[in-house]
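Everything below concerns the one structure shown next.
The values are calculated or read from the model by the stated rules, or taken from the named source; none is laboratory data. Quantities reported herein were computed from a predicted structural model and do not represent experimental measurements. When we count neighbours, we look across all protein chains shown, and the Cβ atoms used for this are built from the backbone with ideal geometry, even at glycine.
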Amino acid sequence: MKNFSFLLFLFITNLAVSQRKIDTTQVDYVRYEWEIDAETTTTTLNSKFTKYKSGFYLEEFKFVKDSSKYGHFILFKAKEEDLLQRVFYKDYATGLGDALVTTYYDIHENPDSIVYTIEKEKTKKIVIPIEKKYKTTGKLAFITDEEGSNHHTYYAFGNLTQIQHFRDSVLYRIDTYDKNRLTTQVFPTRKKHRKKFIYAYDEKGRIIKRADDDYYFFRYQYNAFG
């Protein structure tokens, strides 16, 4: 991907004082996705997905005529069992053509700020600060994002039980957790679409059922190798 090596170096340098180093030195595996034309049987590379042993992932989207500054990619961190649920990703950098979105994290791995770098005639940077508050136990109580505010509640033993998401003081989503796994998402203000998403897991914490689409239901099975 164009400029990615330089971009990653610059990104790590800027983050050195605010969060742990982004380690992309050791590759675990690389997966390619190709599109096959049914008539001509020609193939076109659509995306490249790289997993690093540090727990970071890089998904690069390939476009034939892409001459943009940053290209199109997502650099994020996630657990292997959470790759099927985008809600658990921690995005560190996203390339959107001539724009770069960078998220900075604190020592608890909660967002500190989001920076937009836009390349037009001149480079423009937009910094979105994030407000947050921790409980005396060190657990996150409240945090803002680009859409609004999010309030966290916990069981007596410290596990997350619920996150309430507000937009302009209106409760628009309720996430419920059990054993730190997302089990339901409820959307009180929705009228035309599914108002409740449901997730189920096996004893190893891997997702086995996912109902978070207005038209489809997903079921997952795993072989002996996971």
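Inside region 196-207, can you point out the residues that are farther than 14 Å from T184 by Cα and either within 21 Å of the chain's Cα centre (by Cα) or among the polar types (S, T, N, Q) (or both)?
Across region 196-207, the qualifying residues are G205, R206.
Identify, please: which residue in region 67-85 is more than 20 Å from the chain's Cα centre (by Cα) and surrounded by 13 or more Cβ atoms within 10 Å (Cβ to Cβ) and is, among those, modelled with the highest pLDDT?
K69
Could you list, in sequence order, the residues of region 177-195 that are under 21 Å from the mean Cα position of the chain (by Cα) and not hydrophobic (A, V, I, L, M, F, W, C)?
Matches in region 177-195: Y177, D178, K179, N180, R181, T183, T184, Q185.
Check whether at least one residue in region 117-124 is out of contact with any Pro (no Cβ under 9 Å at 6 or more places or on another chain) and in contact (Cβ under 8 Å) with a residue 24 or more places away in the chain, and report yes or no.
Yes, the conditions are met somewhere in region 117-124.
Do we find that T136 is modelled with pLDDT of 90 or more and either surrounded by 12 or more Cβ atoms within 10 Å (Cβ to Cβ) or out of contact with any Phe, Trp or Tyr (no Cβ under 9 Å at 6 or more places or on another chain) (or both) in this structure?
No; evaluated as a whole, the condition is false for this residue.
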